[in-house]
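Each remark here refers to the structure printed beneath this line.
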Amino acid sequence: MKRRDLLSGAVAAAALAPLRATAQPGLPVIGYLSSRSAGAETPLRTAFLDGLEQQGFVVGRNVAIEYRYAEGRLDRLPSLAAELLGLPVALLVAPGVTEAGAAKKATDTIPIVFGAGLDPVQMGLVASFSRPGSNATGWYGFGTEINPKRLELLREVLPQPGLIAFLVGPENQATPEHLRQVEAAAQAVGQLILVLHGRDEDEIEKAFATMAEREVRGLLFGASQYFQVIADKLVALAARYHIPASYEWREFVAAGGLMSYSASRREAMRLAGDYAGRIPKGAAPADLPVMQSTRFELVMNLKTAKALGLTIPHTVLLRADEVIE
């Protein structure tokens, strides 16, 4: 297994000259800014490094990476971004919409490769998808637009109709748009939605108690970096209260959640790694088109379904990209 931590070593190869010019002596440094924990970031980080290696860059051989994790505390991102820039780093990786915003506010000169679930043009990260025109480029995953589909799939697996809860992270920049999309989709099909907030563990515990009191039939999780940090706890709460839940990302289902539907973040971060490898070779972020997700994955956990007493319809299983048994 390749060592992923920051390593020192020989001077970078000649191909790295554009990056070396702004880096500290020795290996050029990439700054990786995450709103999650190190554990929650593992799948994304691994995919990113795979993409980086496809461009010929291997940690410890000809590039180094400094990681900073906000542990779900988004207020820490500006100081962590400033810390990375002060090292200095020659490139910032921001694998999330909030990280991207913090990175862009911190610098308009150091290249940024981002991941975004909100439209990066509307966010002001880039001028356009085809010609970003700034120091930032990256990937757009249609994070808000797929919420109606997530609601539709959850309704398909529920054995009987009833109230569906939507648990959101109020700190997330995308939450207002997520709410708008879900409420509009619910209204279109006559589905009752109970919106609950989960900014910390105490509020989340209270939200689940409220779901039990209101006899909620299903649960849809909104976007939240904090939710990703405490994924195991959220999965355990859904199991304890016997509530079928749809999560934002595959990692929740791998941890024992029922289902997820999303863009493939592993694919996205491999592409982000590829871009991060092109920039040291002289590519300008302003000229690298923002990539848009083309692959979306439905993941089901049949073991969890059985524990909940659910029989997943055959029509849903046929559409699943991955079934965990």
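The values are calculated or read from the model by the stated rules, or taken from the named source; none is laboratory data. The structure presented is a predicted model; accordingly, all values stated were derived computationally and were not measured. Cβ sites come from the backbone with ideal geometry, for glycine too, and all protein chains shown count toward neighbours. Surface areas here come from the heavy atoms of the whole protein model, side chains and all, with no ligands, DNA or RNA. Shrake-Rupley method; radii C 1.70, N 1.55, O 1.52, S 1.80 Å.
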Candidate set: the range 259-297, residues that are in contact with a strand residue (DSSP E or B) (Cβ under 7 Å, 6 or more places away or on another chain) and among the polar types (S, T, N, Q); chosen: the one modelled with the lowest pLDDT | Ser293
Of the residues in the range 22-72 that are under 18 Å from Ser264 (Cα atoms) and among the acidic types (Asp, Glu), the one that is least open to solvent (accessible area, probe 1.4 Å) is Glu41
Among the residues of the range 57-109, how many are farther than 11 Å from Leu33 by Cβ, assigned to a helix (DSSP H, G or I) and among the aliphatic types (A, V, I, L, M)?
-> 2
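Just checking, which of Gly198, Gly141 is small (Gly, Ala, Ser) and more than 20 Å from Tyr241 (Cβ to Cβ)? Walk me through how you get there before you give the answer.
On the way: Gly198 fails: more than 20 Å from Tyr241 (Cβ to Cβ).
So the residue among Gly198, Gly141 that is small (Gly, Ala, Ser) and more than 20 Å from Tyr241 (Cβ to Cβ) is Gly141.
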Is there any pair linking a residue in the range 275-291 that is farther than 13 Å from Asn135 by Cα and of a type in the set (A, V, I, L, M, F, W, C) to one that is open to solvent by less than 10 Å² (accessible area, probe 1.4 Å) and assigned to a helix (DSSP H, G or I), with Cβ under 8 Å and at least six apart or on different chains, and which?
-> Met291/Ala268
Select from the range 100-123 the residues that are within 24 Å of Arg180 (Cβ to Cβ) and either open to solvent by less than 10 Å² (accessible area, probe 1.4 Å) or touching a Gly at 6+ places or on another chain (Cβ under 7 Å) (or both) and list them in ascending order.
-> Ala100, Phe114, Gly115, Ala116, Gly117, Leu118, Pro120, Met123
Listed by first then second residue, the pairs whose first member lies in the range 33-59 and is among the basic types (Lys, Arg), whose partner is not in a loop (DSSP other than H, G, I, E, B), with beta carbons under 6 Å and at least 6 positions apart or on separate chains, are Arg36/Gln225; Arg36/Gln228; Arg36/Val229
Residue check for Val126: touching a residue at least 40 places away in the same chain (Cβ under 8 Å), outside any loop (DSSP other than H, G, I, E, B) and surrounded by 23 or more Cβ atoms within 10 Å (Cβ to Cβ) | no
